[in-house]
Amino acid sequence: KPIDLGKTLHSSLEMLRPMLNKNIYLEFVEPDEPVVIEADAVQLERVVSNLCVNARDAMLEGGKLRIEIERVLVDEEFATNNPELSVGPHARFSITDTGEGISAEKLGHILDPFYSTKDVGEGTGLGLAVVHGIISQHGGLIEVESKLGRGTRFSVTLPESQAQEQDEKNPPRHVLQ
């Protein structure tokens, strides 16, 4: 059903805040206008929870966790290169940490089932595979960027709801090409 992405993420973060270390600075950035997507709010909260807990685990000494929402426009070329997405208005939220980062070798497998960057006994390797599955079921795309020693960014792009008002004064800010 149509949900306000900002309200849903804000609610998730309120529940997650006690689980984050006190030495992690949390920053939440959202657009002035609501961003509406068609989604299962519980499943979306599961995605956010998983990504934020992984970020926490990558910042044992503390750091910054930034969650940002933006409206984007998927153009024909980007949709061709990313067939999960259709051409048109989308919402993108990014979860960025200043943690230890993920090596290029591991990054290529990060969304595979049973693959974990954690030590044996510390993770099942299912969390990010589940996240990938949820995002795929919602007609979206998840992208991961990381550099060792500099942190990781997970970006989730989901189609905007047909219920989203297309306000010509507030068009999508970025074109994904």
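Points to keep in mind about this one:
- Within the stretch 91-104, residues that are on the phi > 0 side of the Ramachandran plot and open to solvent by 10 Å² or more (accessible area, probe 1.4 Å) reach partners that are in a strand (DSSP E or B) and not basic (Lys, Arg) with beta carbons closer than 6 Å, at six or more positions or on different chains, in the pairs GLY101/SER146; GLY101/GLY151; GLY101/THR152.
- Whether a residue is touching a helix residue (DSSP H, G or I) at 6+ places or on another chain (Cβ under 7 Å), open to solvent by 10 Å² or more (accessible area, probe 1.4 Å), more than 19 Å from SER146 (Cα to Cα) and not hydroxyl-bearing (Ser, Thr, Tyr) was assessed, and ASN54 does not pass this test.
- Any hit, the stretch 69-90, residues being within 22 Å of GLY127 (Cβ to Cβ), in contact (Cβ under 8 Å) with a residue 12 or more places away in the chain, open to solvent by less than 20 Å² (accessible area, probe 1.4 Å) and in contact with a Ser or Thr (Cβ under 6 Å, 6 or more places away or on another chain): no
Conditions (1) open to solvent by less than 70 Å² (accessible area, probe 1.4 Å); (2) in a helix (DSSP H, G or I); (3) touching a helix residue (DSSP H, G or I) at 6+ places or on another chain (Cβ under 7 Å), marked per residue:
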residue: GLY6; (1), (2), (3): yes, yes, no
residue: HIS10; (1), (2), (3): no, yes, no
residue: ASP32; (1), (2), (3): no, no, no
residue: GLU45; (1), (2), (3): yes, yes, yes
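- Residue selected from the stretch 141-177 under the condition assigned to a loop (DSSP other than H, G, I, E, B) and either over 22 Å from GLY6 (Cβ atoms) or modelled with pLDDT of 95 or more (or both), by the criterion least open to solvent (accessible area, probe 1.4 Å): GLY149
- Only a single criterion out of (1) closer than 13 Å to TYR25 by Cα; (2) open to solvent by 50 Å² or more (accessible area, probe 1.4 Å); (3) assigned to a strand (DSSP E or B) is not satisfied by LEU65, namely (2).
- Condition met for PRO18 (assigned to a loop (DSSP other than H, G, I, E, B), without any contact (Cβ under 8 Å) to a residue 24 or more places away in the chain and exposed (fewer than 13 other Cβ atoms within 10 Å of the Cβ)): no
- Annotation note: of LEU60, LEU51, the sole residue that is aliphatic (A, V, I, L, M) and in a loop (DSSP other than H, G, I, E, B) is LEU60.
- Output for the stretch 21-30, where each listed residue is open to solvent by 20 Å² or more (accessible area, probe 1.4 Å) and within 19 Å of THR152 (Cα to Cα): ASN21, ASN23, TYR25, LEU26, GLU27, PHE28, VAL29
The values are calculated or read from the model by the stated rules, or taken from the named source; none is laboratory data. A quick note: this is a predicted structure, and the numbers were derived from the prediction, not measured. Counting neighbours? That spans all protein chains shown, and the Cβs are built from the backbone with ideal geometry, glycine included. With ligands, DNA and RNA removed, areas are computed over all heavy atoms of the protein, side chains included. Shrake-Rupley method; radii C 1.70, N 1.55, O 1.52, S 1.80 Å.
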